[in-house]
Amino acid sequence: MKRLLYIGLTLIALGGVFTSCSKKDLYDPEKPAEDAKTKYEKAFLAYIGGSVDSRQDWGFNATVRSKKNATRTEGTGYYLSDSFDKEYTKDFYDTALDSLPEGKAVGQSIKNFEFISRGPFRFDIIFTYTTEAVEMGYYYYDPETQSPADRKEVRLVGNIVEDLKNYNYFQYTTSSQPSETQWETPPAARGYKIWTTFEAKKVHARMFTLRVEDVPVGNRVGFYVKNPKDEGETTYTNKYLNKDEKSFFAVLDAKSGALENAYVVGMEDRASAATCDDFDCNDVMLAVHKNVETTFPLLVIPEKPKATAWRIIAEDLNVHDLNNDGVKDDTDFDFNDIVLDVTLTDDGAVCILQAAGATLQIRINGDPNLEVHKMFGVAQDVMVNTHAEKRGLKYADKDPYKFSLKGNFQSANDIKIEVFRDNVWVELTAPVGRAASKIAVGTDFEWPDERQSLKEKYPDFPSYAKDYINVDTWWKRVAQK
């Protein structure tokens, strides 16, 4: 009995020891990371001499790939007339159909376009031949301050087949001089056949007007079509917004004859080559008013946008000589522990590793093969392309290392960069309004040498951090060598 009591007391005592260890001595993988981040943030604020501006996004806001970020609205941004304002004759349609014949692919030269608004922008739906439940609308953007990727989209028609059953956008007549009672509404999805089966001689249409207060003068305007059968793929008159830069629209711009007073915009109702066998761009047609108004829009062919690349510079959260007064030694804020150029692509990103001034492991997107020292082929204690030899440190000069990433990156900020500290991977971040361990700049940015303070090389950096000024110019001014 005594033996059993002794064993029990021993186990209780040991349990207390293990409990004590679990509370005080066992490794908590989250705590070191948090301590490193807290210590770094305190040092960073001391480094810039104040608080970070609450709007500060560290250059990453400009890297958002807005192609997938367009704002789409419905029922606003245009006026649709109650009456049938515009009239079109059989000559008009014959000319349009001769240029955009059924079942024949349209030439590439007229399948990439937008319009420049010069005042109220007016157009009509003049006929359809689609049986697809397509959504249709327009988009616009200011070319002086925005790219096509920053466009706003306005939905005009949510389902054109159902819409035509309930609301007629145009009417036809078989009379050359019709009375009010001789205008008829075409059956849904029979826009072409009013010229054959129904022997139409004239059509008149309701008028859409994009007001100047909604689409300012000078804005670029284009159209889009979305077919639910194509997995949500949307196509645009600007072909560079389309998948694989394919074209699904055509425009006719006649200088004289039946079409001289209108641009005819033809749309393809399918966005997939697998589901479309004609690309004749005549499933839905619009007439954009031209010449008959003094502020008619001008046709323009969009240029292919240049791929934009950003340079990410980062710190590995290492802080020297921190006390209650902050940082004594600023030289560790050189932001060259990793220097990475990033260009976003449709299926991911192309990256170029330029420099690695860290002696801790740093990896990209959680991939152990994308650790910076491994990519450069050097030992972990070797600094690459940061002139570490000036500080008597181990160094190497290496060619930049190029690699690709797969993923749905909306921003260069989505590319994860992690440092291995205190036995745990810690992500380097750029939180808005907080201390940043990574910053986005242009690819012409010259990163500091090893142990050269960022604000020594670029004296405007603290002001940029605190006052959100000169977002892309703080590092373009004269740098200190």
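The values are calculated or read from the model by the stated rules, or taken from the named source; none is laboratory data. Everything quoted here is computed from the prediction, not taken from an experiment. With ideal geometry, Cβ positions are generated from the backbone for all residues, glycine too; neighbour counts draw on all protein chains shown. Ligands, DNA and RNA are excluded from the accessible area calculation, which covers all protein heavy atoms including side chains. Shrake-Rupley method; radii C 1.70, N 1.55, O 1.52, S 1.80 Å.
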Exercise. What number of residues within segment 448-467 are open to solvent by 50 Å² or more (accessible area, probe 1.4 Å) and either in contact (Cβ under 8 Å) with a residue 24 or more places away in the chain or in contact with a Leu (Cβ under 6 Å, 6 or more places away or on another chain) (or both)?
Worked result: 5
For this session: Among what's in segment 194-214 and is charged (D, E, K, R) and within 41 Å of the chain's Cα centre (by Cα), pick the residue that is nearest to residue 164 (Cα to Cα).
Result: 206
Exercise. Of the conditions (1) touching a residue at least 40 places away in the same chain (Cβ under 8 Å); (2) in contact with a Lys or Arg (Cβ under 9 Å, 6 or more places away or on another chain); (3) within 19 Å of residue 446 (Cβ to Cβ), residue 358 fails just one. Which one is it?
Worked result: (2)
For this session: Output yes when any residue across segment 185-201 is surrounded by 21 or more Cβ atoms within 10 Å (Cβ to Cβ), in contact with a Pro (Cβ under 6 Å, 6 or more places away or on another chain) and in a strand (DSSP E or B), and no when none is.
Result: no
Exercise. Would you pick out the residues in segment 145-178 that are touching a residue at least 60 places away in the same chain (Cβ under 8 Å), open to solvent by less than 20 Å² (accessible area, probe 1.4 Å) and assigned to a strand (DSSP E or B)?
Worked result: 153, 154, 156, 170
Seminar exercise, completed: If we keep only residues of segment 16-52 that are among the acidic types (Asp, Glu) and at pLDDT below 90, then the residue farthest from residue 436 (Cα to Cα) is 25
Exercise. Just for segment 117-144: of the residues that are within 20 Å of residue 299 (Cα to Cα) and open to solvent by 50 Å² or more (accessible area, probe 1.4 Å), which one is modelled with the lowest pLDDT?
Worked result: 144
Exercise. Taking segment 219-247 as the region of interest, how many residues are among the small types (Gly, Ala, Ser) and at pLDDT below 95?
Worked result: 2
For this session: Starting from residues that are under 20 Å from residue 43 (Cβ atoms) and at pLDDT below 95, keep the ones in segment 414-425 and report whichever is surrounded by the fewest Cβ atoms within 10 Å (Cβ to Cβ).
Result: 422
For this session: Report whether or not residue 389 is of a type in the set (D, E, K, R), under 30 Å from residue 462 (Cα atoms) and without any contact (Cβ under 8 Å) to a residue 12 or more places away in the chain.
Result: yes
Problem set entry | Selection count where residues are part of a loop (DSSP other than H, G, I, E, B), open to solvent by 20 Å² or more (accessible area, probe 1.4 Å) and in contact with a Lys or Arg (Cβ under 7 Å, 6 or more places away or on another chain), scope segment 383-413 | 2
Problem set entry | Flag if residue 278 is at pLDDT 85 or above and either open to solvent by 10 Å² or more (accessible area, probe 1.4 Å) or not aliphatic (A, V, I, L, M) (or both) | no
For this session: Tell me which residues, restricted to segment 338-356, are open to solvent by 10 Å² or more (accessible area, probe 1.4 Å) and either among the β-branched types (Val, Ile, Thr) or part of a loop (DSSP other than H, G, I, E, B) (or both).
Result: 343, 345, 346, 347, 350, 352
